[in-house]
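Asks: Got a structure for you, questions after.
The values are calculated or read from the model by the stated rules, or taken from the named source; none is laboratory data. Given the structure is predicted, the values throughout are model-derived calculations rather than measurements. In this analysis, Cβ positions are derived from the backbone assuming ideal geometry, glycine residues included, and neighbour counts consider all displayed protein chains. Accessible surface areas use protein heavy atoms only, side chains included; no ligands, DNA or RNA. Shrake-Rupley method; radii C 1.70, N 1.55, O 1.52, S 1.80 Å.
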Amino acid sequence: MVNWPLVKYITGKLLQTFITLLIILTITFWLFEALPARPYDLLTQSPLIRPAQKEYMIHLFGFDKPVTERFFIYMKNMLTFDFGISVAWGVPVSDLLNERIPRTLFLFGLSVIISYLLGILIGAYIAWRRGGIADGMSVVTSLVFYNMPSFWIGLIFLFVFSFKLGWFPLTAWPQFVPYTFFDILHATFLPLLVLVLLSLAGTILLMRTSMLETIGENYILTAVAKGIPERTVLFKHAARNAMLPVATAFVISLAFAMGGAVVLEQVFTFPGVGLLYINALFQLDFPTAQATLYILALMVLIGNLIADIVYGFLDPRIRVTG
Amino acid sequence: MTVQQRPTDIDPHLREEAPPGGVVATKAVEPPPSEAPPEKAAVELLTVPTWLKVVKRYRKRLRATWRLYRQSKSGLVGLAIMFGFVFVAVFAPFLTPYTTDFVAPAEDVFLADWMRYPLPTNASINLTDPSKLHWQTPEGFNGDEQLESIVAYATEGYAVKLGVDLRAEKSAILINITSNQSRRIPVNTSLMFPVKFRGNLFFAFSEDSLYELTYETFTVKANVSMGFHPTYHSNLWNRWSNTNNLGALFYAMANSSTLAVYSKIPPNTNIGELQEKRFFDKVNLFDYNLTNASEIIGEPIMLHLSLAQNGSMIVVPTSKGIVAFKLDINTTSSGRVRNVTIGEIMWYVTYAEIGERWDREVTPIPNRPISITKEDPSEETGKERIILASSNGWLYAIDRVDGSINWSTTLVTTGLREPRPKGIYPSIIGDLVVTGMSEGRGFITTVDRDTGTITGNGTYYFTLPTAVAGRPDYIPGSNNYFFTSESGTIYILYLTMKLEASFASPGGLLASDAAYMGNIINNKGTSSGNYYALVTEDGEVFTQSITGAYRAPLPPGKYPSGNRYLLGTDVFGGDIWTQLIYATRTELVVGLVAAVLSVVLGTLVGLASGYYGGWLDIVLMRLTDIFLTLPILVVALLLAAVLGPSIGNIILIIAIFSWAGVARVIRAQTLSLKNRAFIDAARVSGASNWSIIMRHLAPNVLPLTFLYMVFTVSGAIITEAILAFLGMGDAQSMTWGMMLQYLRISGNTLRAPWWLLPPGIAITLLSLAFYMVGRAFDEVVNPRLRAR
């Protein structure tokens, strides 16, 4: 028996996502148009460049075509994942992306997973012990870390652990080939640590709040009154229900993780997608910058889509009414 | 199990990465209702509320809110911190010892770093006897050339030359005396002048002969009998040409009664000549019928035009006036010089005339009353001038062609009340440098050569405790003037005559002028400096980099200038504490304005969307969806690149990315309120849509709005810091994020913890304060969060 409301819901979300993607693509296209520079500007700065060469550059980048025509070419290329060749590095953009996306996914994915696992446990526990010392201290620490600028704490960690103590390399990726998985872990330990700490802070706060609300529900009171052991109530009844918003948040976090990559990759010189974006943008490497932006936006959209679908399965109201 | 929305989940959207629990709220279904139970509201609405009643209602609510808020400890702490920052922002000038454009003075920032080398002891000559030796540095030396040797001569007839080499070795610069030549020269020199000519010559004067000595070995090249003993010498006019055997070298000398010119021409190799030819001519001042006896009192100046043109002259200062003698250069038709003689007097200006014309007393000054403008004639007037500095503090410009006065200007200004100029020198950059004494202090100033006024609108002058010794040097690379004072202190001034650095003489009195040695770069290319050298009477050669080693950023503490830097300085010398305090203002403005902007927009959208529903709702919600799912930082960077970095644009960008979350929540709240009884009642009693929204819905939504505003401030501060850190901040304004960015860019991240920690701590505290206030307020608005 097909669950029509659910199917309707999912299709609706798919359509929404696609339209949002198109709109985002359009907006970014116009933003790049509005930039006060063109990708060939840096290449044709030298006075030795002859006008014919400059015209060839313009033609190569397709800027001799009218704007609307370029827009449609852009849309077609983006939707077919045909990204062209990077201006700054001279290699196909897809190569760059293929090299870097797994790294960023690894770093941020791993950090989100760890932080959420830890966050759920810690948040549940301290919410149960509301008013205890652990509660107060965890809340204060989480609050402070939540409000810290990530790049700053990253710089401090770099200063203390990489520079002063020398435990970790200054660049967050193994320098020498061949490298093992352990080498990767060693090099990326600091950014992982920073990400986990910051993410953990928010997760703990969220889980705690969610738990507090759940604990306020009557059925918890009933369970305790019934004499069910505290541990069981804590984990089997309260936490499992309080986890719902956190679980959704987890999927969303994965989605948004990529977007925030930019800053930390800059601080730790981690060769991932974020650093690629910044470097491309500053070197007016339009193909790479546009492609990177597109991929990042796509990941976020897909992440949200998955979250919506999961939500659809979980929330009975949607299952029933759509 | 319903998914509840809570504001704590919304604001992380503004933070950089993985917003934990980020967009959960947007999946909201059932918002918790805010205040007054519906029944009460319905009763109140049977009479249309006036603003007075609204205000009264608010006051009651505010009091109730405060009572609830007070129960949260973190809320109070947050509020306290917030007010602390506001206090700091308002009273910033009282909390900081310096202003925003303060820069640590040179003595704190530079570390004078001397290198010293004892003079070699030589059995035959005592090099350290100041009564015997006169140290010289080659004249005609302009800023960029490297000093190769320091020369001394003794009146008993010997000369010493120390070859000096500054070499860069690894990361240090070493001084090396490469050669030490001393030689008895067969003259009893009373005066010896190094002359810059083809690998350098020395002209040495003995009783009545002029000797030409080679620079390398002090070998006598020529010996011309003069018949008089000169005490002054002029500049060198070098028209020597090796390629076509034309041209000549001219040099004038004088004592109190005699003027002489010495010239030599290259051999005519076309006809097989091997020897240079030398000519000598002298005249006696008394042979000319000048009004009253005059004596020559200073150095002659050779003013020259090309050999072909007439008009070259030698200008001589005498006790009664300035005399210009014509220089007769006799050339063949092919241009070879045949003979050089001193000719008639072209013009003669008496000091009395100048004085009479200007009605003040002009007295000549004994040393160097005259200097000359640059060799190239003034572009404006096409004239070359003789500049006379008179002891009453006036400068006179005398036209070279006919001796008329072009201009006269006084040096007297607020800081120089009784200037007594002693020396005028042409500066490489086109104006004149005047040194002298004023009211017991030495002074140096730059003067425009076309008007005689002090440059910089009369501000480019500098006074020092003792007189300026010798001739100031100019270093083009760093635009610095550089000279020693008579007490042995070395001064380095910027173009504007502002003191950049001053160093006491490293040891003993100076025996020589400090001479510029050129720009030395070490092998690694990691450091370079302009170095100068000097010799002291204690017998040591010192070299030093013009500005010493650069030490900024400085760690916190007290420094030689007496300044105390609480948190140290940044790489430019700016005080970190001051920057931190003043940045509070910008941060608060940015945070509050961005938050207000985004929240107002979001509330309006939410209200409209929730109330009207239908197409408007769908369109607006799609819009908010898009803004919610954009990767913020990435697009913000792009937007900042498009709009340009400025505070207004940053505020705009933050607002653009923050309003969507608010809109969502307000819409949900509106939806829930829309169907309550009191709205129906209002509609029934004839209220328009607008008034319903403004009078009934808005006040109920307001607490939620305020809540989001507080959280948005918290997020805005962090977002601004990130954008600044990535390079998109406004360079004109100082914020904590910009401080961190400057830190990163200057490469001091790992070296200056006093610069790294304070801004981050400030950002964290301010953001934390607002966040805690928000959380506490959240507990007020959302009763379920309160402790049981």
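Asks: Can you go through A:F250, A:F256, A:F235, A:F286 and tell me which one is open to solvent by 30 Å² or more (accessible area, probe 1.4 Å) and either farther than 29 Å from A:L118 by Cβ or within 11 Å of chain B (Cβ to nearest Cβ) (or both)?
Replies: Step by step, each of A:F250, A:F256, A:F235, A:F286 is checked, and only A:F250 is open to solvent by 30 Å² or more (accessible area, probe 1.4 Å) and either farther than 29 Å from A:L118 by Cβ or within 11 Å of chain B (Cβ to nearest Cβ) (or both).
Asks: Need pairs with beta-carbon distance below 7 Å; first residue more than 26 Å from B:A769 (Cα to Cα) and within the stretch B:85-103, second surrounded by 15 or more Cβ atoms within 10 Å (Cβ to Cβ) and among the acidic types (D, E); sequence gap 6+ or separate chains.
Replies: Correct list of pairs: B:Y98/B:D575; B:F102/B:D575.
Asks: Can you tell which of B:M728, B:M734 is more than 14 Å from chain A (Cβ to nearest Cβ), within 29 Å of B:A640 (Cβ to Cβ) and either touching a residue at least 60 places away in the same chain (Cβ under 8 Å) or crowded, with 23+ Cβ neighbours inside 10 Å (or both)?
Replies: Step by step, each of B:M728, B:M734 is checked, and only B:M734 is more than 14 Å from chain A (Cβ to nearest Cβ), within 29 Å of B:A640 (Cβ to Cβ) and either touching a residue at least 60 places away in the same chain (Cβ under 8 Å) or crowded, with 23+ Cβ neighbours inside 10 Å (or both).
Asks: Step by step: first the residues of the stretch B:61-108, then only those that are part of a loop (DSSP other than H, G, I, E, B) and among the aromatic types (F, W, Y), then the one that is modelled with the lowest pLDDT. Which residue is that?
Replies: B:F102
Asks: Only one residue in A:L234, A:L197, A:L221, A:L212 is in a helix (DSSP H, G or I) and within 21 Å of the chain's Cα centre (by Cα). Which one?
Replies: Checking each option against the conditions leaves just A:L197.
Asks: Looking only at residues that are in contact (Cβ under 8 Å) with a residue 40 or more places away in the chain and of a type outside the set (F, W, Y) in the stretch A:145-155, which one is farthest from the other protein chains (Cβ to nearest Cβ)?
Replies: Only one residue fits best here, namely A:G154.
Asks: Residues that are open to solvent by 50 Å² or more (accessible area, probe 1.4 Å), among the hydrophobic types (A, V, I, L, M, F, W, C), assigned to a helix (DSSP H, G or I) and within 20 Å of B:A769 (Cα to Cα): does the stretch B:567-588 have at least one?
Replies: Checked the stretch B:567-588: no residue is open to solvent by 50 Å² or more (accessible area, probe 1.4 Å), among the hydrophobic types (A, V, I, L, M, F, W, C), assigned to a helix (DSSP H, G or I) and within 20 Å of B:A769 (Cα to Cα).
Asks: Now a separate question. Among the residues of the stretch A:23-51, count how many are among the hydroxyl-bearing types (S, T, Y) and modelled with pLDDT under 75.
Replies: Within the stretch A:23-51, residues that are among the hydroxyl-bearing types (S, T, Y) and modelled with pLDDT under 75 number 2.
Asks: Quick check on the stretch A:211-230. Is at least one of its residues among the polar types (S, T, N, Q) and open to solvent by less than 10 Å² (accessible area, probe 1.4 Å)?
Replies: Taking every residue of the stretch A:211-230 in turn, at least one turns out to be among the polar types (S, T, N, Q) and open to solvent by less than 10 Å² (accessible area, probe 1.4 Å).
Asks: Return yes when A:L79 is open to solvent by 40 Å² or more (accessible area, probe 1.4 Å) and within 14 Å of another protein chain (Cβ to nearest Cβ) and no when it is not.
Replies: Considered against the rule, which asks whether it is open to solvent by 40 Å² or more (accessible area, probe 1.4 Å) and within 14 Å of another protein chain (Cβ to nearest Cβ), A:L79 comes out as no.
Asks: Which number in (1) more than 22 Å from A:F18 (Cβ to Cβ); (2) surrounded by fewer than 17 Cβ atoms within 10 Å (Cβ to Cβ) marks the one condition that A:I309 misses?
Replies: Of everything listed in (1) more than 22 Å from A:F18 (Cβ to Cβ); (2) surrounded by fewer than 17 Cβ atoms within 10 Å (Cβ to Cβ), A:I309 misses just condition (1).
Asks: Could you list, in sequence order, all residues of the stretch B:682-716 that are among the polar types (S, T, N, Q) and not in a helix (DSSP H, G or I)?
Replies: Those that are among the polar types (S, T, N, Q) and not in a helix (DSSP H, G or I): B:S685, B:S688.
Asks: Between a first residue in the stretch A:1-25 that is farther than 20 Å from A:L301 by Cβ and a second residue that is open to solvent by 80 Å² or more (accessible area, probe 1.4 Å) and modelled with pLDDT under 85, which pairs have beta carbons less than 7 Å apart while being 6 or more apart in sequence or on different chains?
Replies: Final answer for the pair search is A:N3/A:R319; A:P5/A:R319; A:P5/A:V320; A:P5/A:T321; A:L6/A:R319.
Asks: Turning to a different aspect of this structure: So in the stretch B:748-764, with the set limited to residues that are more than 7 Å from chain A (Cβ to nearest Cβ) and crowded, with 19+ Cβ neighbours inside 10 Å, which one is modelled with the lowest pLDDT?
Replies: B:A752
Asks: Additional query: Can you tell me which residue is modelled with the lowest pLDDT among those in the stretch A:259-283 that are in a helix (DSSP H, G or I) and open to solvent by 10 Å² or more (accessible area, probe 1.4 Å)?
Replies: A:F282
A quick yes/no check of all residues on (1) within 32 Å of the chain's Cα centre (by Cα); (2) touching a residue at least 60 places away in the same chain (Cβ under 8 Å):
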| residue | (1), (2) |
| --- | --- |
| A:I27 | yes, no |
| A:R50 | no, no |
| A:K54 | no, no |
| A:H59 | no, no |
| A:P66 | no, no |
| A:Y74 | yes, yes |
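Asks: Being modelled with pLDDT under 80, farther than 17 Å from B:E486 by Cβ and surrounded by 18 or more Cβ atoms within 10 Å (Cβ to Cβ) narrows it down to one residue among B:I428, B:I398, B:I454; which is it?
Replies: Only one candidate qualifies: B:I398.
Asks: Would you confirm whether any residue within the stretch B:630-643 is in contact with a His (Cβ under 9 Å, 6 or more places away or on another chain), within 14 Å of another protein chain (Cβ to nearest Cβ) and open to solvent by 10 Å² or more (accessible area, probe 1.4 Å)?
Replies: Checking the stretch B:630-643: at least one residue is in contact with a His (Cβ under 9 Å, 6 or more places away or on another chain), within 14 Å of another protein chain (Cβ to nearest Cβ) and open to solvent by 10 Å² or more (accessible area, probe 1.4 Å).
Asks: Is it fair to say A:S162 is polar (S, T, N, Q), more than 7 Å from chain B (Cβ to nearest Cβ) and open to solvent by less than 50 Å² (accessible area, probe 1.4 Å)?
Replies: Yes.
Asks: Right, something else. List every residue pair whose Cβ atoms lie under 7 Å apart, where the two residues are 6 or more positions apart in sequence or sit on different chains, the first residue falls within the stretch A:213-226 and is touching a residue at least 60 places away in the same chain (Cβ under 8 Å), and the second residue, located anywhere, is surrounded by 14 or more Cβ atoms within 10 Å (Cβ to Cβ).
Replies: A:I215/A:A127; A:I215/A:A238
Asks: Now, a different point. Which condition does B:T410 not pass, out of (1) open to solvent by 40 Å² or more (accessible area, probe 1.4 Å); (2) in contact with a Pro (Cβ under 9 Å, 6 or more places away or on another chain); (3) more than 28 Å from B:W347 (Cβ to Cβ), if it passes all the others?
Replies: (3)
Asks: Does any residue of the stretch A:190-200 turn out to be of a type outside the set (A, V, I, L, M, F, W, C), within 30 Å of B:L757 (Cα to Cα) and surrounded by 23 or more Cβ atoms within 10 Å (Cβ to Cβ)?
Replies: yes
Asks: Of all the residues that make up the stretch B:429-484, how many are in contact (Cβ under 8 Å) with a residue 60 or more places away in the chain, touching a Ser or Thr at 6+ places or on another chain (Cβ under 7 Å) and of a type in the set (D, E, K, R)?
Replies: Number of matching residues: 2.
Asks: Moving on to the next point. Only one of A:Y125, A:Y116 is in contact (Cβ under 8 Å) with a residue 24 or more places away in the chain and more than 11 Å from chain B (Cβ to nearest Cβ). Can you tell me which?
Replies: The unique qualifying residue is A:Y125.
Asks: Return yes when A:I133 is within 27 Å of B:F770 (Cβ to Cβ), more than 10 Å from chain B (Cβ to nearest Cβ) and in contact (Cβ under 8 Å) with a residue 24 or more places away in the chain and no when it is not.
Replies: Answer is no for this residue.
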